[in-house]
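K.L.:
Mind having a look at this structure? Questions to follow.
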There are 2 protein chains.
Amino acid sequence: MVLDRLQQLTHQVNGSSPPPHPFDPLSTAEIDTVVALVRNEHGKVNFNAVGLFEPRKAEMMAWLENPQTAPLPARAAEVVAIAPGGKVYDGLVDLDQKKVTQWQHTPGVQPIITMEDLQEVEHVVRQDPKVIEQCGIIGIPREDMHKVYCDPWTIGYDERFGTDIRLQQALMYYRPHVDDSQYTYPLDFCPIFNAETKQIIHIDVPPIRRPLSKAAPNNYLPAAIEKEGGFRQDLKPIHITQPEGVSFKMTGRVIEWQNWSIHVGFNYREGIVLNNITFNDRGDVRPVFYRLSLAEMVVPYGNPEHPHQRKHAFDLGEYGGGYMTNSLSLGCDCKGAIHYMDAAFVNRAGASTIVKNAICIHEEDAGILFKHTDFRDESMVVTRGRKLIISHIFTAANYEYCVYWIFHQDGTVQLDIKLTGILNTYAMNPGEDTHGWGTEVYPGVNAHNHQHLFCLRVDPNVDGPNNTVFQVDAVRGPGEVGSPESKYGNAFYAQKTKFSTPREAMSDYDGSTSRTWEMANTNKLNPYSKKPVCYKLVSREVPPLLPKEGGLVWKRAGFARHAVHVTKYSDDQIHPAGRHVPQTSGEPSQGLPAWIESAGPDSSIDNTDVVLWHTFGLTHFPSPEDYPIMPAEPMTLLLRPRNFFTRNPVLDVPPSFARSPSQVAAGKSSCSSCSGKGDGSSRLV
Amino acid sequence: MVLDRLQQLTHQVNGSSPPPHPFDPLSTAEIDTVVALVRNEHGKVNFNAVGLFEPRKAEMMAWLENPQTAPLPARAAEVVAIAPGGKVYDGLVDLDQKKVTQWQHTPGVQPIITMEDLQEVEHVVRQDPKVIEQCGIIGIPREDMHKVYCDPWTIGYDERFGTDIRLQQALMYYRPHVDDSQYTYPLDFCPIFNAETKQIIHIDVPPIRRPLSKAAPNNYLPAAIEKEGGFRQDLKPIHITQPEGVSFKMTGRVIEWQNWSIHVGFNYREGIVLNNITFNDRGDVRPVFYRLSLAEMVVPYGNPEHPHQRKHAFDLGEYGGGYMTNSLSLGCDCKGAIHYMDAAFVNRAGASTIVKNAICIHEEDAGILFKHTDFRDESMVVTRGRKLIISHIFTAANYEYCVYWIFHQDGTVQLDIKLTGILNTYAMNPGEDTHGWGTEVYPGVNAHNHQHLFCLRVDPNVDGPNNTVFQVDAVRGPGEVGSPESKYGNAFYAQKTKFSTPREAMSDYDGSTSRTWEMANTNKLNPYSKKPVCYKLVSREVPPLLPKEGGLVWKRAGFARHAVHVTKYSDDQIHPAGRHVPQTSGEPSQGLPAWIESAGPDSSIDNTDVVLWHTFGLTHFPSPEDYPIMPAEPMTLLLRPRNFFTRNPVLDVPPSFARSPSQVAAGKSSCSSCSGKGDGSSRLV
């Protein structure tokens, strides 16, 4: 109905090209319009970001409910610009009225470090006399400075330099040959780059020097592998084909597949954003999530020696998961029939740019969906599942993050993340003690301990916006063994704790109770179980934030202090470490802690529009097999419908094979309903 | 070399058919020989099990190390038989010498309940006057007794009846029509069946009666789905093909694939057994595991009301995961190019039987194996992974367990289990309170809370048999924030605790430290990291045993008291709940607790031949979407090489796409080494 209405509106307005869906990212044309309007009013500024200013939820919900009569939410853009002198401006542009509606100087913040910002550091570093001097000290002659490289990182926060000067720290490396992996040759000092003046303003030099490693290169690109004996020859091809095409339908950016409907958005910061996720339950289109995204992450490193404490990248808030996204390619990143979507951004000069194939949408076989055999007569059913995967991959300097939003036919949403790429490395001398803060993964290469902590933002809409979050623990029943209530000691049950306030909702993972969290609609009970309909968060890779309470990372990454936070919905609360993350001191902590403080930690989150923030991830103690490039390490979590449906919602998926007891008795062994379905090769041998 | 030697021996012995590999399961011919030898000496007994008596490890290791000179281990069978009068005999048969070498009466035990044992109960139940009477009381007329069904279970342990009488409990159901799911109509009483006399010796009748449900059927077989509107029509086929065949090679039951070599065994109890798992590390064939199997499981139910405490099936020890295994079919259970293996058993009468396609071996695409893009110039590599999957599926009355042993190219072994099938159900009256011990998943259907706890037996052989197990916790470094040693509070490290004794090794999962366990060879350090080579157990679905300490399940399932136990290797310690599990009282506890007691809880397990026992699984609080048949619920764990290799062992897997910095600079954008590899469709769009 929403889509119909958009088409009608289009027709009324201009007869042809549809207006964007309110959740659609800005088009290049819209970005160009925004830039022109800002330029016109505010002159020559550098653009840091231009993106969709998401529709206010109240307007959007009204329109989603009544697309025929409710007004289409206004189309607007948010702008971050840096004026000469480094002044940061936050602006809003109304794209319907074609005017800048807000333009404010935001002092004391640093917006995202863009790819363009990163690109310019290496050139400056190579020219800097003090860097050249340091290189000389550790054994790199002046004429080899073109072999010196750096991965520029945000500085995190360094109290010596504060927030006002826009800075990057340059993690230094060397390449003997342009095709060698630089991570085998980390340098021991760290220049600080001033992005405004394009100068190196300081170099952190360690008390113990570590001369350039003389180890042989440790490479992964094909030429090196060919030299070492070449590639293995014993892998026969696996072809995955969909001759009849995909099973999903795209209308603009809304995908419909196997009862799911999802709007696929994308922004420079979070990458993929999924909106208005609904499930068609036998004709009843039931809302499930208003919005799902990876909203933030932090990667703290565990070496306490100065200046390694500065290595704790907020890859989304400091660089942008969208900005760093890869252009994907068929057969390399995904297999099968792929639908790609591009992503549009602005560059510093105000031109719109495109990353081709930023998002990959495809289906995969999901193995057995359900199966049962009756032991009496071998009557049986076996049905294969299918999954829909919406993915993107971004490269954060050395690491890559592969993000897979997976929709299952049974109503489950799965978020898979694969970590690959290259370890961040630091120099070490022969025989030097890592003190347990890292691992020597190759001679002279110290890969420091680190965590990857992701913050999943879930805006539930489980049969409506008024939801309540419960913590669920598997616990033993009361009574001692031998007592009347527990004679055999076998009682256990699901202990549910309602989160009435944000304070109560600050909760940690408990593996000993297999803790899960439910986003429930307490206004709607399952007719059979009499329990509230809900979606359950099942997440098992949930390490605590290891940097200590009160320390730098703890202050800056407030969202990571607990596995789960719950807040009352507010339109502008998207980024749990704050809107502008680089160079925040954490005093006071931005984002989640500030919002909770301001709303009141004891305010009600019961049966209202809530947002659940889930921090999960893993702790990585490197080892040599992770080097020189890491085999992908997987991580997963599930959002599962519980007491949401009245029965298994996939019973109508055509089985691969089935035979009923009466068919067995009658000597029939095939199933009419499954012939010609599936892959055509299904048979009992 | 082992395989060459077997072929040589074959040739010497008989010129043609090879002698079995010492790890091979018994052939039907061998089973027939065993039965004939036993019959000849001991007359007419009923056979409960005939299986491979596994070679003693010392002999086997000697032969594996020197197949040219060491003697081939003796070929022997273990036999369990039940003589008239219910006397249980444990025997051994030497297949080389063709003689029964051991035959002993084992009093006070009950061996596995076989499929044949299960099959005969329903018929008896339907005829029993007291059962007919009970059916009448809850509303089933005598003429409908053919609509009464039962799932016979082992009785667990019931102190009223003890161990001496061989019993089954009959969980009762009703089918209005032969093709209806009986689980919608559970009956409220429970007959006890004497397997020796074939009589119902007792009926447990609850204090509150629950008349037969009048709810409409809730079915999943095709005819019912067709009646409700039919199957969805919108799934387009996905074809997975391997036109050049598989990438693995089978020599007998030894599979070689991507540097792995694995002997694939199978027995009536554990199902798949993997032996002598090695990894060819650039020419060096390194042992990794001597033996891997799922050795036991227990499924305790959480309802303390009598007689539900008896529902705690040891599906492997009480029924046999091999005995209950499904015959698999192409395109239904697995897709692609499949290699199947059959399984041979004995039946009660002593005839050998075959389950066709008991084991499925196939490859799957595994998505991205590794990827990295250099942000400077978009030089990059992306390589896809492949996995090898060795699987079987078994049906334990209502549930199915799909077991997938997955081998990755990077040295990781993954165990995936999918749970599907049907919930065990019990009757409830309209409006009856479940007291939290279960969920009403459909009117009149109470599905009780339960756990699925599996015991993975790992016999590590990490660069040799002498291994040591460490517990590894991710913990914060010392010092308060602000102190010299922890100024910013960001220090963290891997705290390793050596298990020197079985007592120390009784360890639980700790989610708050992301606890893992390492099986290390402390005699061999990684040349770079200087840490012992090891395999790490990474397992996150590790609930504690919820039945209480001292209670019935706790006593019987000693293995489930801790996430990890470690014992010194002993040839006959395979089954952690004991050799004969049905009707054990747990006083004293069999299996692991007994072995640890007998070896001495403070004896050394440091740098010796050890076995690690890992209990993992999940706690299931049913909900209506699990009914009338459960969408598969997945579970996974990893065994990962750490400090085992000196570098990423998959660098020589042909990339899908790669371009080096110098290729980018020269304007070349393709990679010679990957053309024609992969699926042929790989390209940058």
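The values are calculated or read from the model by the stated rules, or taken from the named source; none is laboratory data. Note that the coordinates shown come from a computational prediction; the quantities given were computed from them, not determined experimentally. With ideal geometry, Cβ positions are generated from the backbone for all residues, glycine too; neighbour counts draw on all protein chains shown.
K.L.:
Would a scan of the range B:530-538 turn up a residue that is within 12 Å of another protein chain (Cβ to nearest Cβ) and free of Cβ contacts under 8 Å to residues at least 12 places away in the same chain?
P.N.:
Yes, the range B:530-538 contains a residue that is within 12 Å of another protein chain (Cβ to nearest Cβ) and free of Cβ contacts under 8 Å to residues at least 12 places away in the same chain.
K.L.:
Restricting the search to the range A:397-425, which residues are away from every other protein chain (no Cβ under 11 Å) and part of a strand (DSSP E or B)? Spell out the reasoning first.
P.N.:
First, pick out the residues of the range A:397-425 that are away from every other protein chain (no Cβ under 11 Å): A:403, A:405-407, A:413, A:415, A:417, A:424-425.
Answer for the range A:397-425, where residues must be away from every other protein chain (no Cβ under 11 Å) and part of a strand (DSSP E or B): A:403, A:405, A:406, A:407, A:413, A:415, A:417, A:425.
K.L.:
Considering only residues that are of a type in the set (Gly, Ala, Ser) and at the interface with chain A (Cβ under 8 Å from one of its Cβ atoms), look in the range B:456-478 and name the one that is nearest to residue B:59 (Cα to Cα).
P.N.:
Result: B:474.
K.L.:
Also, quick follow-up: Quick one: residue A:662 ticks every box in (1) facing chain B (nearest Cβ under 7 Å); (2) crowded, with 18+ Cβ neighbours inside 10 Å; (3) at pLDDT 95 or above; (4) farther than 28 Å from residue A:389 by Cα bar one, so which box is it?
P.N.:
Unmet for residue A:662, out of (1) facing chain B (nearest Cβ under 7 Å); (2) crowded, with 18+ Cβ neighbours inside 10 Å; (3) at pLDDT 95 or above; (4) farther than 28 Å from residue A:389 by Cα: (2).
K.L.:
Only one of these is at the interface with chain B (Cβ under 8 Å from one of its Cβ atoms), touching a Pro at 6+ places or on another chain (Cβ under 8 Å) and at pLDDT 95 or above: A:370, A:289. Name it.
P.N.:
A:370
K.L.:
Test residue A:647 against the stated conditions and say whether it is facing chain B (nearest Cβ under 7 Å) and at pLDDT 95 or above.
P.N.:
Details: facing chain B (nearest Cβ under 7 Å): yes; at pLDDT 95 or above: yes.
Taking the combined requirement at face value, the residue satisfies it.
K.L.:
Restricting the range B:511-534 to residues that are charged (D, E, K, R) and either assigned to a strand (DSSP E or B) or touching a strand residue (DSSP E or B) at 6+ places or on another chain (Cβ under 6 Å) (or both), which is surrounded by the most Cβ atoms within 10 Å (Cβ to Cβ)?
P.N.:
B:518
K.L.:
For residue A:97, are the conditions met, namely being out of contact with any strand residue (DSSP E or B) (no Cβ under 7 Å at 6 or more places or on another chain) and polar (S, T, N, Q)? Spell out the reasoning first.
P.N.:
Numbers: out of contact with any strand residue (DSSP E or B) (no Cβ under 7 Å at 6 or more places or on another chain): yes; polar (S, T, N, Q): yes.
Judged against the criteria, residue A:97 is a match.
K.L.:
If I filter the range A:121-138 for residues that are within 33 Å of the chain's Cα centre (by Cα), surrounded by fewer than 14 Cβ atoms within 10 Å (Cβ to Cβ) and at negative phi, do I get at least one hit?
P.N.:
Within the range A:121-138 (the criterion being within 33 Å of the chain's Cα centre (by Cα), surrounded by fewer than 14 Cβ atoms within 10 Å (Cβ to Cβ) and at negative phi), the answer is yes, since at least one residue qualifies.
K.L.:
Here's a check for you: in the range A:271-310, which residue that is in a loop (DSSP other than H, G, I, E, B) and buried (at least 23 other Cβ atoms within 10 Å of the Cβ) is nearest to the chain's Cα centre (by Cα)?
P.N.:
A:302
K.L.:
Look at residue B:327 and say whether it is closer than 30 Å to residue B:151 by Cα, in contact (Cβ under 8 Å) with a residue 24 or more places away in the chain, assigned to a strand (DSSP E or B) and of a type in the set (Gly, Ala, Ser). Break it down stepwise before answering.
P.N.:
Numbers: closer than 30 Å to residue B:151 by Cα: yes; in contact (Cβ under 8 Å) with a residue 24 or more places away in the chain: yes; assigned to a strand (DSSP E or B): no; of a type in the set (Gly, Ala, Ser): yes.
In short, no.
K.L.:
Please specify each residue of the range B:574-608 satisfying the condition of being in contact (Cβ under 8 Å) with a residue 40 or more places away in the chain, of a type in the set (A, V, I, L, M, F, W, C) and out of contact with any Phe, Trp or Tyr (no Cβ under 8 Å at 6 or more places or on another chain).
P.N.:
Selection gives B:574, B:596, B:599.
K.L.:
Any residue in the range B:253-267 that is away from chain A (no Cβ under 14 Å), touching a strand residue (DSSP E or B) at 6+ places or on another chain (Cβ under 8 Å) and farther than 19 Å from residue B:362 by Cβ?
P.N.:
Checking the range B:253-267: at least one residue is away from chain A (no Cβ under 14 Å), touching a strand residue (DSSP E or B) at 6+ places or on another chain (Cβ under 8 Å) and farther than 19 Å from residue B:362 by Cβ.
K.L.:
Given the condition surrounded by fewer than 24 Cβ atoms within 10 Å (Cβ to Cβ), among the acidic types (Asp, Glu), assigned to a loop (DSSP other than H, G, I, E, B) and at pLDDT 95 or above, answer yes or no: does some residue in the range B:548-569 qualify?
P.N.:
Looking for residues that are surrounded by fewer than 24 Cβ atoms within 10 Å (Cβ to Cβ), among the acidic types (Asp, Glu), assigned to a loop (DSSP other than H, G, I, E, B) and at pLDDT 95 or above, one finds at least one in the range B:548-569, hence yes.
K.L.:
For the range B:592-631, how many residues are over 17 Å from the mean Cα position of the chain (by Cα) and away from chain A (no Cβ under 14 Å)?
P.N.:
Counting residues in the range B:592-631 that are over 17 Å from the mean Cα position of the chain (by Cα) and away from chain A (no Cβ under 14 Å) gives 19.
K.L.:
Looking at (1) more than 18 Å from the chain's Cα centre (by Cα); (2) within 10 Å of chain A (Cβ to nearest Cβ), can you tell me which one residue B:327 breaks?
P.N.:
Only one criterion in (1) more than 18 Å from the chain's Cα centre (by Cα); (2) within 10 Å of chain A (Cβ to nearest Cβ) is unmet by residue B:327, namely (1).
K.L.:
In addition: Do we find a residue being under 30 Å from residue B:285 (Cα atoms), in the same structural domain as residue B:382 (by TED's automatic domain parsing) and not in a helix (DSSP H, G or I) anywhere in the range B:619-637?
P.N.:
yes
K.L.:
A follow-up question, please. Does any residue of the range B:66-82 turn out to be under 30 Å from residue B:200 (Cα atoms) and modelled with pLDDT under 95?
P.N.:
no
K.L.:
Moving on to the next point. Which numbered condition in (1) under 26 Å from residue A:513 (Cα atoms); (2) surrounded by 24 or more Cβ atoms within 10 Å (Cβ to Cβ) is the only one that residue B:589 fails?
P.N.:
Status for residue B:589: all satisfied but (2).
K.L.:
In addition: Identify the single condition in (1) surrounded by fewer than 20 Cβ atoms within 10 Å (Cβ to Cβ); (2) touching an Asp or Glu at 6+ places or on another chain (Cβ under 9 Å); (3) within 30 Å of residue B:189 (Cα to Cα) that residue B:104 does not satisfy, given that it satisfies every other one.
P.N.:
The one condition residue B:104 does not meet is (3).
K.L.:
Please work out if residue A:462 is farther than 26 Å from residue A:596 by Cα and crowded, with 23+ Cβ neighbours inside 10 Å.
P.N.:
no
A quick yes/no check of all residues on (1) surrounded by fewer than 20 Cβ atoms within 10 Å (Cβ to Cβ); (2) on the phi > 0 side of the Ramachandran plot; (3) assigned to a strand (DSSP E or B); (4) among the small types (Gly, Ala, Ser):
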residue	(1), (2), (3), (4)
A:337	no, no, no, yes
A:343	no, no, yes, yes
A:349	yes, no, no, yes
A:361	no, no, yes, no
A:367	no, yes, yes, yes
A:378	yes, yes, no, no
A:392	no, no, yes, no
A:395	no, no, yes, no
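K.L.:
Then there's this: Quick test of your reading of the structure: residue A:213 fulfils all but one of (1) under 28 Å from residue A:630 (Cβ atoms); (2) at the interface with chain B (Cβ under 7 Å from one of its Cβ atoms); (3) surrounded by 19 or more Cβ atoms within 10 Å (Cβ to Cβ). Name the failing condition by number.
P.N.:
Tallying (1) under 28 Å from residue A:630 (Cβ atoms); (2) at the interface with chain B (Cβ under 7 Å from one of its Cβ atoms); (3) surrounded by 19 or more Cβ atoms within 10 Å (Cβ to Cβ), residue A:213 fails exactly one: (2).
K.L.:
Between residues in the range A:3-31 that are assigned by TED's automatic domain parsing to the domain that holds residue A:100 and residues that are modelled with pLDDT under 60 and not in a loop (DSSP other than H, G, I, E, B), which pairs lie under 6 Å by C-beta distance while being six or more apart or on different chains?
P.N.:
Taking only residues 6 or more apart or on different chains, the pairs are A:18/A:10; A:19/A:10.
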